[in-house]
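Undergrad: Take this structure, written in structure tokens, and hold onto it; I'll ask about it next.
Just so you know, all these numbers are worked out from the coordinates, no wet-lab data involved. In this text, all values refer to a predicted model and were calculated from it rather than measured experimentally. So basically every Cβ, Gly included, is an ideal-geometry build from the backbone, and we count neighbours across all protein chains shown.
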Amino acid sequence: MTREKVRVQAIVNEQPVEFLCEPRQSLLECLRDILGLTGAKEGCNDGNCGACAVIMDGRLVNSCLVLGVEAHGRRITTIEGLARGAELHPIQRAFLEQGAVQCGFCTPGLILATKVLLDRHPDPSEPQIRRWLANHLCRCTGYDKIVRAVRKAAAELREVRA
Amino acid sequence: MSGGTYRVIGTRPIRHDGADKVTGRALFGADVRLPGMVYGYVLRSPYAHARIRRIDTSRAEKHPGVLAVVTAADLPTGPDRLIDLVEGTLPVSYARANVLARDKVLYKGHAVAAVAAVSRHVAEEAARLIEVEYEPLPPVLDVLEAMREDAPRVLEDLRMREFGELTDKAGNIGEHFRHVLGDVEKGFAEADVIVEREFRTVMVHQGYLEPQSATALWNQDGRVYIWTTTQGAFSAREATAWILDLPVSQVRVTPMEVGGAFGGKIRVYLEPVAALLSRKCGRPVQITMPRRDVFEATGPTPGTYIRVKMGARADGRITAAQVWMAYETGAFPSGQCGFGAICILAPYDIPNVLIDGYDVVVNKPSTAPYRAPGATQAAFAAESVVDELAERLGMDPIEFRLKNAAREGSRRADGLKYQRIGCVEVLEAMRNHPHYRAPLEGPNRGRGVAMGYWFNIGWYSSCTISVNPDGTVNLVEGSVDLSGTRTTIAMQAAEVLGLRPEQVHPVVADTDSIGPTAVTGGSRTTYATGWAAWEAANDVIRQMKQRAALLWEVDPEAVCFEHGVFRSGDRSMTFAELAERLEETGGPVIGRGTVNPSSAGGSFAGAIVDVEVDPETGKVTVLRFTSVQDAGTAINPTAVEGQMQGGSAQGIGWALNEEYYWSPEGAMLNSSLLDYREPTALDVPPIETVIVEVPEPEHPFGVRGVGEANIVPPPAAIANAIYRAIGVRLRQLPMKPSAVLEAIWSKES
Amino acid sequence: MKWFDYAAPRSLAEALDLLARNPRARPFAGGTDLLVQMRAGQLDPDLLVDLKHIPELNELDCDGSGTLRLGAAVPCCRIYEDERVRRHWPALAEVAEMIGGIPIQSRASLGGNLCNAAPSADSVPVLIALRAVCRIAGPLGERRIAVEEFCTGPGQTVLGPGELLVGFEIPPPEPASGACYLRFTPRAEMDIAVAGAAAAVRLSNGVIAWARVALAAVAPTPLLVREAGDWLADKAPTEENIREAAELARKAAKPITDMRGTAEQRRHLVGVLTRRALQQAIARAREAQP
Ligand SMILES: Cc1cc2nc3c(=O)[nH]c(=O)nc-3n(C[C@H](O)[C@H](O)[C@H](O)COP(=O)(O)OP(=O)(O)OC[C@H]3O[C@@H](n4cnc5c(N)ncnc54)[C@H](O)[C@@H]3O)c2cc1C
Ligand code: FES
Ligand code: FES
């Protein structure tokens, strides 16, 4: 084994970044421990909670199940990259207005999941919303207000697009 | 009921920490980053019960990148005393033995050593190089088996407390208590129908999403700084200090944002260990639990064996109830059976009651509270029996409950006489809800109801409010915010001060910066710390009146304050106008509030649930769910609904799938979020809520606290619904598909 | 986790070379099994060979005959988003949508699902029912075997040292045929099958021309129940015949009790799921009748 760190170049939240990491470090570790982006959370480290979800090349991934080295040449969006300047993204606003945040630990992953969902399905049904969010455990809310927030955000985004 | 007179209370403001929570900026336990910080990893026992013969850490110490290794030998052996954890107490000696095992490991996952290293991976690698020689001992895993004389002993020094007195009876029973009202024999003699049943529940976990994480710096001046995800900065300070045998003031705890807790983040697990590692290596050390450790080594909530016997007259009055209940507390006593006993019959006015309760240690992780600790298991038993009684009497289950409902003046089993409570109002709201009246059609469908109770806790809180020259205020509080209490507390201050909620800037402070405040738990935070904020706000107003009096050259008593305006005669000044003039009238104004209410008004909750059972697979689908709860006054209805929905979803998970699944040797086999099966968004329906408001008589705004009672009814309500759907009564949790199938099969055969 | 190295070969030859030279190397597709097992300490390879940049392992295409060529590393999301797959092999699209949840499906591959060789792997019974063939490449060249021959025990496969699963070939759907996979999980999603059953049938002149039944999570490997298919051949698709086939599947199952379910429950579920899967496969075949 070489035991050499690997140089990774990626675009994170629209900014080019470059870092050195060990191949065994997950993308989640790289984001949190190397790039200081602690918005993605570790809830399980085995793909079962969605707290670590980020968007990689337009797809939602659990960053605990992606290696940091795989980020090379990829475009990554984390929760820190969603707001536009001093303005919250409509999804972020809807989560607050609907009371969809309690402890907030699941929130970054859920908001990014909602982003990917609404990019693909601007007018999702309730079962569709629940299916798209099913990889994201939330222990505090019982999901009800989260589903409402997604619907609200969807309506608002459709309005903006129209 | 809260409408009309209030301007802030009863509204739904955006929470103060909202932007931080949706942008990823909120800092939780594992988000702490300090210069020079290194990472810890805890080595844990592979055995449920074993003597530690020898620990050799030399290979780990030599591993490149390792900075420190600690074992129980690094812990002091200071004096013993009780740590009060609000929902339970724990002797320091046990707390210490739990953070690092000394001679014996008492459950699989019990910590035996810890390593600090330059990265998590290196720390983990090094931990595997620690050699521990164990002498495995037979474990005891079942609560009833553990009560037998010949059962393996979990704690050699444990002596049973019986009826409040320490006895010299050695064994696994930590406590036996009894509650008596009236004469049960006489009560049963008066009954026309008697139902007696046995119930079993298994250990479950709070299932919060954020694993425990603590960072410690043992500073070169001897002070210990802790950053941690805890429900109580002060209780974490006390526990850490006592475990390390330090004066409490030598420890400062900074509470981080908490990613869910539900009772599971009151104890300390990692804090003292991280501190010891830091002392050895002189650097800040962060330890974050892997999810497996969260399951195996924190505090899940007890499994139980409960027998309930109840009798009622033909006219529907319950005449007597007898309960025998035993709770497995895990490796150390936890007292949760006592809470279960207080709650088990609480919704009813029963003249003759006899309850025997036992707290029993077993070789499982040391249990901790979980939302209304002890009450959910108890209600599963009692509310199933109540349902059966109603059925036997041919009565509607809600009418039957209403007929026996506890009200002001009724006695709880432990003797407490109720003040104004909302039990009847909750039942009436259930009966009148469209859900209860809606037809439920289709095969294998059924509707069930159940009630639940949690007594709520008062206890001490501190709060200060300083006035800003721009007319806003800063509110510093000691209550950790688990779910939006910054806002519900700020709203109570805002109501007093005539401000908008966003004009109050709440800060959750560390233990150096605010007065002692008990944990966020027991549904006490909006209640007690809100009360402290009310006091602090009134203190501000009192001082501001003096300032106005000075400016107007009148008596302070001649100044009144209403809706944000100070007046005296025809002179007036808004709060903001006066705030701007504090400097010229004597300097800053800081209001203080400290409270220590001894009791709080309990909260009742009810659930109505419709299920569909697939009789071929045993799967239970929850079709519709309505949660009803008495909130006293709902300060922020959005937050109250959120509590009710969250508690209901947890109750659904507890009812249907969640469990600790054990190997015969006492290893938890499903210690992942995959196999523990918390409900996903697809496993729960939309949860309807009805907030009942019966104000608590003593709190200035009538708050009751709503965090807990909502989890209590769901398992019983679902069991009752399953019975209505397929004619089978399940008396064991979880009512997982295999259990439902087996029940169907045994009914068929 | 222990240290390991990472390589991202751009060609099949390069990947095979890396595997041949490193006996402790491990192919790495979506990593949704591999990384989990490595973290749990069940595997500790020295080198991960990323398969996601090798063209052959990432193809998703139909050849001239209508055969689907599915690269072993293609993630589930590409499978279920593909219009051809949705139209011609709906059971395949459905199972790709069933594995894990959305973020898992961005990564998890059917090659990984098969090579991991868990008895509960959801896509394997479907691949078996659809008569998929595995293409394997290795130091000694290419070989092909039927999916049902691939797993030899829990976590065990026919792959020899240095061999790689390149992909699957799935024959074009016959007219009047249909397939369906059903699994039982306590949670609605994000759960591992307690039992699963796939069925594929072809109807012809009012009778079942052929049928295939394959099971998940009820034996040491995914299980093709030939006797169930044989029994249905040339019989009318009646409720009674379906029940009999389901009974044969039930008998063929060799389930165990573990934390996810009991042996009795699993055996019982095999009967229920096989019957329901056959019913739905037949309904689909009817719809597909020209
Ligand atoms: C949260 C979660 C939910 C899940 N839900 C499901 C589910 O519902 N149903 C289900 O069946 N599974 C489920 N799984 C398991 C897993 O996602 C699937 O088995 C998945 O298909 C594995 O594919 P992968 O590409 O991630 O494989 P990897 O993890 O990359 O590889 C799996 C194994 O196969 C080997 N391998 C991979 N590709 C090849 C190849 N081409 N040639 C040779 N060897 C190879 C690897 O070395 C490794 O040993 C779940 C996993 C997680 C984490
Ligand atoms: S931490 Fe990645 S899914 Fe839970
Ligand atoms: S808000 Fe706490 S886990 Fe979702």
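Undergrad: Can you list the DSSP H helices in chain C whose Cα atoms extend at least 15 Å along the helix axis and whose mean Kyte-Doolittle hydropathy is 0.0 or higher? Walk me through the numbers on the way to the answer.
TA: Values: long enough: C:239-252 (20 Å, -1.06); C:263-287 (36 Å, -0.62).
Span-like helices in chain C: none at all.
Undergrad: Long-range amide H contacts for B:Val589: which residues qualify at under 5 Å (H placed 1.01 Å from N, peptide plane, sequence gap of 5 or more or a different chain)?
TA: Here the answer is B:Val467, since their amide H atoms fall under 5 Å of that of B:Val589.
Undergrad: Rounded, prolate or oblate: pick one for segment C:21-109, where a ≥ b ≥ c are the square roots of the eigenvalues of its C-alpha gyration tensor, a/c under 1.5 means rounded, and failing that, prolate if a/b is larger than b/c, else oblate.
TA: Oblate is the answer for segment C:21-109, as a/c is 1.5 or above yet b/c matches or exceeds a/b.
Undergrad: Related question: Amide H neighbours of B:Tyr134 under 5 Å, counting only residues 5+ apart in sequence or on other chains, H built in-plane at 1.01 Å?
TA: Excluding prolines and chain starts, which carry no amide H, the hits are B:Arg53.
Undergrad: Using only DSSP helix segments of four residues or longer, with each worth -39500 (n - 2.57), what per-residue ellipticity at 222 nm results for chain C after dividing by its residue count and rounding to 500?
TA: That calculation yields -10000 deg cm²/dmol at 222 nm.
Undergrad: For the pair B:Arg153 and B:Glu165, how long in nm is the line joining their label points, each one 7 Å along Cα→Cβ?
TA: 2.2 nm
Undergrad: Once you average over the residues of A:48-61, how many Cβ atoms of partner chains fall within 10 Å of each Cβ?
TA: 5
Undergrad: While we're on this one: Past the 16 angstrom mark, what percentage of all C-alpha to C-alpha distances in segment A:90-161 do you count?
TA: That tail contains 37 percent of the Cα-Cα pairs.
Undergrad: Here's another thing I want to ask about it. Please compute the modelled spin-label separation between B:Thr574 and B:Ala73, points set 7 Å along Cα→Cβ, answer in nm with one decimal.
TA: Each label point is offset 7 Å from its Cα along the Cβ direction, giving 6.9 nm.
Undergrad: So, in Å, what gap is there between the alpha-carbon centers of segment C:138-158 and segment C:222-238?
TA: 25 Å
Undergrad: Could you compute the longest span of chain B free of GluC sites (Glu not before Pro) located in DSSP loops and having at most 11 other Cβ atoms within 10 Å, not counting the site residues?
TA: B:157-440
Undergrad: Right, another one. Fewest first, what order do C:Ser123, B:Ser572 take by the number of other Cβ atoms within 10 Å? Let's see the in-between values first.
TA: Working: C:Ser123 30, B:Ser572 16.
By the 10 Å Cβ count, ascending: B:Ser572, C:Ser123.
Undergrad: Let me ask you something else. Where Lys and Arg each count +1 and Asp and Glu each count -1, what net charge lies around A:Cys49 among other residues with Cβ under 11 Å from its Cβ?
TA: Charge balance in the 11 Å sphere: -1.
Undergrad: Report the normalised scattering of the protein assembly as shown as log10 I(q)/I(0) at q = 0.04, 0.06 Å⁻¹, calculated by the Debye formula with identical scatterers on the alpha carbons.
TA: So the normalised log intensities work out to -0.22, -0.51.
Undergrad: Can you show me the helix-derived [θ] at 222 nm for chain B, built from DSSP H runs with n ≥ 4 at -39,500 (n - 2.57) apiece and divided by the number of residues, rounded to the nearest 500.
TA: For chain B, the value works out to -8000 deg cm²/dmol.
Undergrad: Still on this structure: ³J(HN,Hα) across segment B:231-247 via Karplus (A = 6.51, B = -1.76, C = 1.60, θ = phi - 60°), whole Hz, x for Gly/Pro?
TA: So the Karplus estimates, Gly and Pro as x, are 7, x, 4, 6, 6, 5, 5, 5, 5, 5, 4, 5, 4, 8, 6, 10, x Hz.
Undergrad: If you don't mind, there's one more thing I want to ask. List the relative contact order of chain C as a percent without decimals, with contacts defined as Cα pairs under 8 Å and 6+ residues apart.
TA: 16 percent
Undergrad: Give me B:Ile691, C:Ile145 ranked fewest to most by other Cβ atoms within 10 Å of their Cβ, as a rough exposure proxy. Before the final figure, lay out the partial values.
TA: Details: B:Ile691 20, C:Ile145 12.
Exposure proxy ranking, most exposed first: C:Ile145, B:Ile691.
Undergrad: Continuing with the same structure: Applying 1/(1 + (r/R0)^6) with R0 = 51 Å to the Cβ-Cβ distance of B:Glu562 and A:Ile34, what FRET efficiency is obtained, to the nearest 0.05?
TA: Using R0 = 51 Å, I get an efficiency of 0.35.
Undergrad: While we're here: Considering amide H positions built from the backbone, and no H for Pro or chain starts, which residues 5 or more places from C:Asp33, or on another chain, come under 5 Å of its amide H?
TA: none
Undergrad: In terms of the ratio Rg/(2.2 N^0.38 Å) built on C-alpha atoms, what value belongs to chain B?
TA: Values: Rg = 26.8 Å, N = 749, 2.2 N^0.38 = 27.2 Å.
Here the Cα radius of gyration is 0.98 times the empirical estimate.
Undergrad: Could you tell me the calculated FRET efficiency between A:Glu87 and A:Glu18, based on Cβ-Cβ distance and R0 = 25 angstrom, to the nearest 0.05?
TA: 0.30
Undergrad: Please work out the Cα center distance from segment B:712-749 to segment B:382-444, rounded to the nearest Å.
TA: A separation of 20 Å, based on Cα centres.
Undergrad: Go through segment C:18-106 and name the trypsin sites (Lys or Arg not before Pro) that are in a DSSP coil and have 15 or fewer other Cβ atoms within 10 Å of their Cβ.
TA: In loop regions of segment C:18-106 (DSSP not H, G, I, E or B), the sparsely surrounded trypsin sites (Lys or Arg not before Pro) are C:Arg24.
Undergrad: Applying the Karplus parametrisation 6.51 cos²θ - 1.76 cosθ + 1.60 with θ = phi - 60° to the phi angles of segment B:513-528, what ³J(HN,Hα) value in whole Hz is obtained for each residue in order, glycine and proline being reported as x?
TA: Here the 3J(HN,Hα) series is 10, 8, x, x, 9, 6, 4, 7, x, x, 6, 9, 6, 5, 6, 7 Hz.
Undergrad: Moving to a separate point now. Name the trypsin sites (Lys or Arg not before Pro) in segment C:152-261 that are in a loop by DSSP and that have at most 16 other C-beta atoms within 10 Å, would you?
TA: Here the trypsin sites (Lys or Arg not before Pro) that fit, given the DSSP loop and packing criteria, are C:Lys235.
Undergrad: Let me ask something else about it. Just how far, in whole angstrom, is segment A:28-69 from segment C:1-31 if you go by their alpha carbon centroids?
TA: 23 Å
Undergrad: Can you compute 3J(HN,Hα) from phi for each residue in segment B:362-372, using the Karplus curve 6.51 cos²θ - 1.76 cosθ + 1.60 with θ = phi - 60°, rounded to whole Hz and x for Gly and Pro?
TA: With coefficients 6.51, -1.76 and 1.60, one gets 9, 7, 9, x, 5, 6, 9, x, 9, 5, 6 Hz.
Undergrad: Does chain A classify as rounded, prolate or oblate by the C-alpha gyration tensor (a ≥ b ≥ c root eigenvalues; a/c under 1.5 gives rounded; else a/b over b/c gives prolate, otherwise oblate)? Kindly include the intermediate steps, with their values, before the conclusion.
TA: Values: a/c = 2.23, a/b = 1.73, b/c = 1.29.
It is prolate, given that a/c is not under 1.5 and a/b is the larger ratio.
Undergrad: Once you treat every alpha carbon in segment B:187-332 as an equal point and sum by Debye, what is log10 I(q)/I(0) at q = 0.09, 0.11, 0.17 Å⁻¹?
TA: The calculated log intensity ratios at q = 0.09, 0.11, 0.17 Å⁻¹ are -0.45, -0.56, -0.90.
Undergrad: How many partner chain Cβ atoms sit within 10 Å of a residue's Cβ in peptide B:642-651, on average, as a whole number? It would help to have the intermediate numbers written out before the result.
TA: Working: counts 10, 4, 2, 9, 10, 2, 2, 7, 3, 1.
Averaged over the peptide's residues, the number is 5.
Undergrad: Further, regarding this structure: Quick one, what does Rg over Rh come out to for segment C:96-220 if you take C-alpha atoms and the Kirkwood Rh? It would help to have the intermediate numbers written out before the result.
TA: Working: Rg = 15.3 Å, Rh = 15.4 Å.
For segment C:96-220, the value is 0.99.
Undergrad: Taking the number of other C-beta atoms within 10 Å as the exposure measure, put B:Thr626, B:Thr638, A:Thr141 in order starting with the fewest.
TA: Fewest-to-most ranking of B:Thr626, B:Thr638, A:Thr141: B:Thr638, B:Thr626, A:Thr141.
Undergrad: For the pairs B:Lys108/B:Lys280; A:Lys145/C:Lys2; B:Lys265/B:Lys545; A:Lys5/B:Lys280, flag any whose C-alpha to C-alpha distance is greater than 32 Å.
TA: In this structure, A:Lys145/C:Lys2; B:Lys265/B:Lys545 exceed 32 Å between Cα atoms.
Undergrad: Once the Cβ-Cβ distance between B:Asp20 and C:Glu169 is put in as r, and R0 is 35 Å, what FRET efficiency do you end up with, to the nearest 0.05?
TA: Here the calculated transfer efficiency is 0.10.
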